[in-house]
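So the structure is just underneath, and the comments pick up after that.
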Amino acid sequence: MNVIPIESKQIGYVEYDLERSCMIAHFMTGEIRVYPVSREEYAKLAASSDKYDCFVRMTNVCAARAAPSSGRPLAGAADIS
């Protein structure tokens, strides 16, 4: 899928890695994070009129999925920078 620019001071753009089935977010700081999202979820982001809000919702869902049973939140993303 295509690179999607995110209109944000924090996030430059995201792209989808078909081989790993994940979204890769490129932050303005140079940080890169990988989020486990489906192609369908990524397509919803591409079609969204507010890509930043959609990105935030998607990454919050990823964090909720990754939270341990103790209830302590995790980042929900792998830092590959």
Sequence order, the stretch 44-53: Karplus ³J(HN,Hα) from phi using 6.51 cos²θ - 1.76 cosθ + 1.60, θ = phi - 60°, Hz rounded, Gly and Pro as x, gives 5, 4, 4, 8, 5, 7, 10, 5, 5, 4
In nm, give the distance between the simple-model label positions of R57 and R20, each being 7 Å from the Cα along the Cα-to-Cβ direction.
2.6
F55, F27 arranged by Cβ crowding within 10 Å, fewest neighbours leading:
F27, F55
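Rule-based calculations on the coordinates, nothing more; no lab input. In this text, all values refer to a predicted model and were calculated from it rather than measured experimentally. Reconstructed Cβ throughout: ideal geometry from the backbone, glycine too, with neighbour counts over all protein chains shown.
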